[in-house]
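Have a look at the structure below before the remarks.
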Amino acid sequence: MANRDPGCGAFCTRRQFLRAATGTAVAVTAPCFATARQRDASEDSDRILADAESRIRQHRMAPVTLKLVTPDGQPLGPGRRVEIRQVRHRFLFGCNIFMLGRCRTPEQNAAYESRFAGIFNYATLPFYWWNYERQKGSPDDKRTEEIVRWCRAHDVTMKGHPLAWNYRDPPWLTGTPQEVARAQFERITRCVQRFRGDIDIWDVVNEATHYDRAECKRDAPRLTEAIAAMGVGPYIRTAFKTARQAGRDATLVINDYRADAAFAEKVISELADEHARPMYDVIGIQSHMHSGPWGAARTWEVCERFAKFAKPLHFTETTLVSGPKSESGWTTTAKGEEQQARLASEFYTVLFSHPAVEAITWWDFSDQGAWQRAPAGFLRDDMSAKPIYERLCDVIKGRWWTRVEAESGPEGRLRIDGFQGEYEAAVKENGRRLGGRFSLAKATAEATDVQLTELSADR
């Protein structure tokens, strides 16, 4: 299950694979062919972007007929002005939330929280074993509980990341390969059961394709040995079986940075139970683009490659940087920030327009604490907003957001077209301000009853 990739030559490191995948490792042979291929990709990208809005209307919006019912059980009268306001997307727009409450100053923490809640409805919480349980039997549940409370207060759906990853051993982990594997599966059970009801989406196995790369053997020798002894396939399947038993209704994700055909064929296809049923609920695709953007054509190609498995796709770790890297490190620049905003808007547009994609998670909300210390965030190191933040706010909460006014007809009926998600309806009736909530999805019934109740004066 650790596969060769023609862009990397031999078994490559994560960074090598990402560099090759973004197109920075270009062969010096056949320059004319390469130029033609690039031209074709550019034309494909233009076409995909040009058609994106029509696909978005088709796949992300839906019509609904509402039947508004007053508190006394009677249909709302005709000719009433009704305000329809979307309050939440069905689609998951997210980011890791690792820096919540951990910025340098209280003012920075407040800015981080306010801006996170202003754009995202989805958050990835850290469960890295070596850091989460530094002492055996003493996991850091307190920190997780703090994040859970914040997310619940701000109506943010949560995902745990990851349950199994042989990137680094917990410092106390000892024993035979069989004992280490047993400890790993016990941890999966504990995490899923401990936070069931709050965290019900899990990256079960993270980056299993190159479990035996050099850095894993060096930093996670015990976990790596346990996987080797058990076999990669049996290890992954046991991890998913364990997670399923611990959380029957949980959404289980297989997450990897490989987005090539070999990963689809040799990993996704083989992750099935004894009845040939997929053991995962979601395919998680990383899209770190430190070395350059994928482009619309490649992004669409990846979506199509994995959509054939008929499972939702989550883009779990997305990165576009806002400045160059030099010998002294990364730097954000005005030009780089504008480019980051433009490329991110295009990337989100392509993904939002593909019917198989159900979530996009950005990787690192701010430059402060970002992976590789890269300027990858929506916010700068001081928590001021980059252009990407405003641009995607305008898209997610503007262009892809529904706010309409309509007039009620006979029997309190009215019809709207809106983006799928949660809604509030408000109207004045006999001197009272009334409101009610409803959900809009593709499968919404022809007529949806909305029970109105009297609203308080401040709403």
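Could you tell me whether any residue of the stretch 420-429 is small (G, A, S), assigned by TED's automatic domain parsing to the domain that holds R115 and surrounded by fewer than 18 Cβ atoms within 10 Å (Cβ to Cβ)? No, the stretch 420-429 contains no residue that is small (G, A, S), assigned by TED's automatic domain parsing to the domain that holds R115 and surrounded by fewer than 18 Cβ atoms within 10 Å (Cβ to Cβ). In the stretch 94-102 there is at least one residue that is surrounded by fewer than 19 Cβ atoms within 10 Å (Cβ to Cβ) and either in the same structural domain as V148 (by TED's automatic domain parsing) or modelled with pLDDT of 95 or more (or both). For G435, the conditions (1) loosely packed, with under 15 Cβ neighbours inside 10 Å; (2) more than 30 Å from H288 (Cα to Cα); (3) without any contact (Cβ under 8 Å) to a residue 60 or more places away in the chain are fulfilled apart from (1).
If I filter the stretch 39-64 down to residues being surrounded by 14 or more Cβ atoms within 10 Å (Cβ to Cβ) and at pLDDT below 95, which single residue comes out as farthest from T349 (Cα to Cα)? Walk me through it before giving the result.
Step one: of the stretch 39-64, the residues surrounded by 14 or more Cβ atoms within 10 Å (Cβ to Cβ) are 41, 44-45, 48-49, 52, 55-56, 59-62, 64.
With at pLDDT below 95 added as a condition, the list becomes 41, 44-45, 62, 64.
Values: A41: 17, D44: 15, S45: 12, A62: 18, V64: 24 Å.
Per the stated criteria, the residue is V64.
Against the test of being in contact with a helix residue (DSSP H, G or I) (Cβ under 6 Å, 6 or more places away or on another chain), buried (at least 21 other Cβ atoms within 10 Å of the Cβ) and modelled with pLDDT of 95 or more, the options V357, V321 yield a single qualifying residue, V357. The C-beta contact set for the stretch 125-145 (first residue farther than 17 Å from I188 by Cβ, second residue of a type in the set (S, T, Y), distance under 9 angstrom, 6+ apart or interchain) comprises R143/Y132. Residues that are assigned to a helix (DSSP H, G or I), within 24 Å of L125 (Cα to Cα) and touching a residue at least 24 places away in the same chain (Cβ under 8 Å): does the stretch 226-236 have at least one? Yes: one or more hits. For first residues located in the stretch 273-295 and not assigned by TED's automatic domain parsing to the domain that holds R244, partners that are of a type outside the set (A, V, I, L, M) and part of a loop (DSSP other than H, G, I, E, B) and lie 6+ apart or on another chain with Cβ distances below 7 Å do not occur. A count restricted to the stretch 43-101 and to residues that are among the polar types (S, T, N, Q) and either over 28 Å from I285 (Cα atoms) or in contact with a strand residue (DSSP E or B) (Cβ under 9 Å, 6 or more places away or on another chain) (or both) stands at 5. From the list V267, V253, the lone residue that is aliphatic (A, V, I, L, M), out of contact with any Leu (no Cβ under 8 Å at 6 or more places or on another chain), within 20 Å of V205 (Cα to Cα) and not in a helix (DSSP H, G or I) is V253. Among the residues of the stretch 325-348, those identified as acidic (D, E) and touching a helix residue (DSSP H, G or I) at 6+ places or on another chain (Cβ under 7 Å) are E337, E338, E346.
Taking every residue in the stretch 72-93 that is of a type in the set (A, V, I, L, M) and pairing it with any residue that is assigned to a loop (DSSP other than H, G, I, E, B), at least 6 positions away or on another chain, the pairs with Cβ-Cβ distances below 8 Å are L76/T70; L76/S408; L76/L452; V82/L76; V82/S408; I84/T402; L92/N121. Of the residues D382, D367, the single one that is in contact with a Ser or Thr (Cβ under 7 Å, 6 or more places away or on another chain) and charged (D, E, K, R) is D367.
If a residue must be buried (at least 17 other Cβ atoms within 10 Å of the Cβ) and either in contact (Cβ under 8 Å) with a residue 60 or more places away in the chain or outside the structural domain of G160 (by TED's automatic domain parsing) (or both), how many such residues does the stretch 253-265 contain? Steps first, please.
In the first step, residues of the stretch 253-265 are kept if they are buried (at least 17 other Cβ atoms within 10 Å of the Cβ); the result is 253-260, 263-264.
Of the ones still in play, those that are also either in contact (Cβ under 8 Å) with a residue 60 or more places away in the chain or outside the structural domain of G160 (by TED's automatic domain parsing) (or both) are 253, 255, 257-260, 263.
Residues that pass the stated criteria total 7.
Can you say whether K428 is touching a residue at least 12 places away in the same chain (Cβ under 8 Å) and touching a helix residue (DSSP H, G or I) at 6+ places or on another chain (Cβ under 8 Å), as far as the supplied structure shows? So K428 does not fit the description; no. Inside the stretch 294-311, residues that are in a loop (DSSP other than H, G, I, E, B) and either crowded, with 20+ Cβ neighbours inside 10 Å or polar (S, T, N, Q) (or both) make up a count of 2. Residues that are surrounded by fewer than 17 Cβ atoms within 10 Å (Cβ to Cβ), without any contact (Cβ under 8 Å) to a residue 40 or more places away in the chain, assigned to a loop (DSSP other than H, G, I, E, B) and charged (D, E, K, R): does the stretch 324-346 have at least one? The answer is yes, given that some residue of the stretch 324-346 is surrounded by fewer than 17 Cβ atoms within 10 Å (Cβ to Cβ), without any contact (Cβ under 8 Å) to a residue 40 or more places away in the chain, assigned to a loop (DSSP other than H, G, I, E, B) and charged (D, E, K, R). Any chance the stretch 197-204 includes a residue that's touching a Gly at 6+ places or on another chain (Cβ under 6 Å), in a helix (DSSP H, G or I) and under 22 Å from R248 (Cβ atoms)? No: zero hits. Looking across the stretch 387-411, the residues that are surrounded by 14 or more Cβ atoms within 10 Å (Cβ to Cβ) and among the basic types (K, R) come down to R391, K397.
Only one of the listed residues (P162, P177, P126, P171) is surrounded by fewer than 18 Cβ atoms within 10 Å (Cβ to Cβ) and under 17 Å from the mean Cα position of the chain (by Cα). That residue is P126.
Give me the residue from the stretch 240-250 that is under 11 Å from I201 (Cα atoms) and either among the hydroxyl-bearing types (S, T, Y) or touching a Lys or Arg at 6+ places or on another chain (Cβ under 9 Å) (or both) and, out of that set, surrounded by the most Cβ atoms within 10 Å (Cβ to Cβ). Ranking the qualifying residues of the stretch 240-250, first place goes to G247.
Would you say N166 is among the polar types (S, T, N, Q), closer than 22 Å to Y235 by Cα and either touching a His at 6+ places or on another chain (Cβ under 7 Å) or touching a residue at least 60 places away in the same chain (Cβ under 8 Å) (or both)? Yes: the conditions hold for N166.
The values are calculated or read from the model by the stated rules, or taken from the named source; none is laboratory data. Source: prediction; values computed, not measured. Note that we place each Cβ from the backbone using ideal geometry, even for glycine, and neighbour counts take in every protein chain shown.
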